[in-house]
Amino acid sequence: MEQQINFAERLAAVQQRIRDAAMRAGRATSEVKLIAVSKTHSVEAINAAIAAGVTDLGENRVQEAEPKIDFIGRTNAKWHLIGPLQGNKARRAVKAFDVIHTLDSVELAIRLDRHCAEEGRTMLPVLIQVSLAGEASKSGVEPAVVDQLVDTVRDLEHLSLQGLMTLPPFFDVADATRPYFQQLRELRDRLAAVGAFAGTGELSMGMSHDFEVAIQEGATMVRVGTAIFGERENLGG
Ligand SMILES: *Cc1c(COP(=O)(O)O)cnc(C)c1O
């Protein structure tokens, strides 16, 4: 039962693995933000995770996240949208989330900017989701057209481009995702060199089974669900 999971212990174990991976890579632990992916998990489980020290939460569906965010609030934790965002849910995402990791089209960028203006939101941090070669999922923009989206976001008053995100295909062997992480880092470096990002350029990459590899390759945000919350509950879709 989920209630019996010791979040403090699980979280501490993940944090230790993050520290070890950062140390091996010669990086500071403070460069890596842990986003606890709470999709399918209950508000009780999320509150337990917050009590154990989680500061950032990831959800992949707007309609599932809204009641959780209403209930838990936004002062104890920041909410990251990490799943695909349809245009017709863009306004709700602007209202509910602190950061959007899955900007994947010019149309969506323009729409998000307009909703920000209408909702009185001065600044929405976004990451561009990049779909890399050989990826199974169709979400994300291809590297060849990232520049066009970067230029669009630069011209939009309310969007602040923080970095890039990717969701590689699943491999049993964690190391197999390394080339994807390397590609994303190279793209980030190229864009950072031309001043594309508000900061140094976040890299949102790495999940429960491969976040250590992602940290070695430069991840600044790792999105970890199962290793913190346990196996996901089936909410029937
Ligand atoms: C579910 C999900 C995660 C977390 O996956 P785990 O394997 O449970 O750590 C990370 N990123 C995205 C985009 C997800 O949808």
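The values are calculated or read from the model by the stated rules, or taken from the named source; none is laboratory data. Note that this is a predicted model, so its numbers are computed, not measured. Cβ placement follows ideal geometry from the backbone for every residue including glycine, while neighbour counts extend to all protein chains displayed. Ligands, DNA and RNA are stripped out before the accessible areas are found, and what is left, the full protein with its side chains, is counted by its heavy atoms. Shrake-Rupley method; radii C 1.70, N 1.55, O 1.52, S 1.80 Å.
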Val94 touching a Cys at 6+ places or on another chain (Cβ under 6 Å) and among the β-branched types (Val, Ile, Thr): yes
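If I ask for residues that are part of a helix (DSSP H, G or I) and without any contact (Cβ under 8 Å) to a residue 12 or more places away in the chain, which ones from the range 91-137 would you list? Steps first, answer last, please.
Just the residues of the range 91-137 that are part of a helix (DSSP H, G or I), to begin with: 91-96, 106-119.
Within the range 91-137, Arg114 is the sole residue that qualifies.
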Might you let me know whether the range 189-203 holds any residue that is surrounded by 20 or more Cβ atoms within 10 Å (Cβ to Cβ), within 25 Å of Glu31 (Cβ to Cβ) and touching a Lys or Arg at 6+ places or on another chain (Cβ under 7 Å)? yes
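Can you tell me which residue in the range 35-52 is nearest to Ile215 (Cα to Cα), limited to those that are open to solvent by 20 Å² or more (accessible area, probe 1.4 Å) and touching a helix residue (DSSP H, G or I) at 6+ places or on another chain (Cβ under 6 Å)?
As a first pass, look at the range 35-52 and keep what is open to solvent by 20 Å² or more (accessible area, probe 1.4 Å): 39-40, 42-44, 47-48, 50-52.
With touching a helix residue (DSSP H, G or I) at 6+ places or on another chain (Cβ under 6 Å) added as a condition, the list becomes 43, 48, 52.
Values: Val43: 29, Ala48: 26, Ala52: 23 Å.
That would be Ala52.
Which residue is nearest to Ala52 (Cα to Cα), if the candidates are limited to the range 77-97 and must be in contact with an Asp or Glu (Cβ under 9 Å, 6 or more places away or on another chain) and within 15 Å of the ligand (Cβ to nearest atom)?
Step one: list which residues in the range 77-97 are in contact with an Asp or Glu (Cβ under 9 Å, 6 or more places away or on another chain), which gives 77-85, 87, 91-92, 94-97.
Subsequent filtering for residues that are within 15 Å of the ligand (Cβ to nearest atom) retains 79-85, 97.
Numbers: Trp79: 17, His80: 19, Leu81: 22, Ile82: 22, Gly83: 25, Pro84: 28, Leu85: 30, Phe97: 22 Å.
Taking the candidates together, the pick is Trp79.
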Counting just the residues of the range 50-67 that are more than 15 Å from the ligand (Cβ to nearest atom) and farther than 12 Å from Ala93 by Cα, which one comes out nearest to the chain's Cα centre (by Cα)? Thr55
State yes or no: is Ile46 in contact (Cβ under 8 Å) with a residue 24 or more places away in the chain, farther than 19 Å from Trp79 by Cα and within 16 Å of the ligand (Cβ to nearest atom)? no
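Give the range 175-228 a look and list any residue that's aliphatic (A, V, I, L, M) and within 11 Å of the ligand (Cβ to nearest atom), or say none. Working first, answer last.
Residues of the range 175-228 that are aliphatic (A, V, I, L, M), as a first pass: 176, 184, 187, 191-194, 196, 198, 203, 205, 207, 213-215, 219, 221-222, 224, 227-228.
The answer is Met205, Met207, Ala214, Met221, Val222, Val224, Ala227, Ile228.
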Given Thr102, Thr122, which one is more than 24 Å from Leu187 (Cα to Cα) and of a type in the set (Val, Ile, Thr)? Thr122
If you check every pair at least six apart or on different chains, which have Cβ atoms under 9 Å apart with a residue in the range 67-84 that is at pLDDT below 95 first and a residue that is open to solvent by 20 Å² or more (accessible area, probe 1.4 Å) and assigned to a loop (DSSP other than H, G, I, E, B) second? Asn76/Thr55
Of Val126, Val150, Val130, Val146, the only residue that is open to solvent by less than 60 Å² (accessible area, probe 1.4 Å), away from the ligand (no atom under 11 Å from the Cβ) and touching an Asp or Glu at 6+ places or on another chain (Cβ under 8 Å) is Val130
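So for the range 156-164 (the condition being exposed (fewer than 12 other Cβ atoms within 10 Å of the Cβ), of a type in the set (A, V, I, L, M) and within 16 Å of the ligand (Cβ to nearest atom)), does at least one residue qualify?
To start, the set of residues in the range 156-164 that are exposed (fewer than 12 other Cβ atoms within 10 Å of the Cβ) comprises 157.
Next, only the ones that are of a type in the set (A, V, I, L, M) stay: none.
No, the range 156-164 has no match at all.
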Could you check, for the range 99-106, whether at least one of its residues is in contact with a helix residue (DSSP H, G or I) (Cβ under 6 Å, 6 or more places away or on another chain), open to solvent by less than 20 Å² (accessible area, probe 1.4 Å) and more than 14 Å from the ligand (Cβ to nearest atom)? no
Can you list the helices (runs of 4 or more DSSP H) found entirely within the range 142-237 that contain at least 1 residues being more than 19 Å from the chain's Cα centre (by Cα) and either more than 30 Å from Cys116 (Cα to Cα) or at pLDDT 95 or above (or both)? 143-155, 178-193
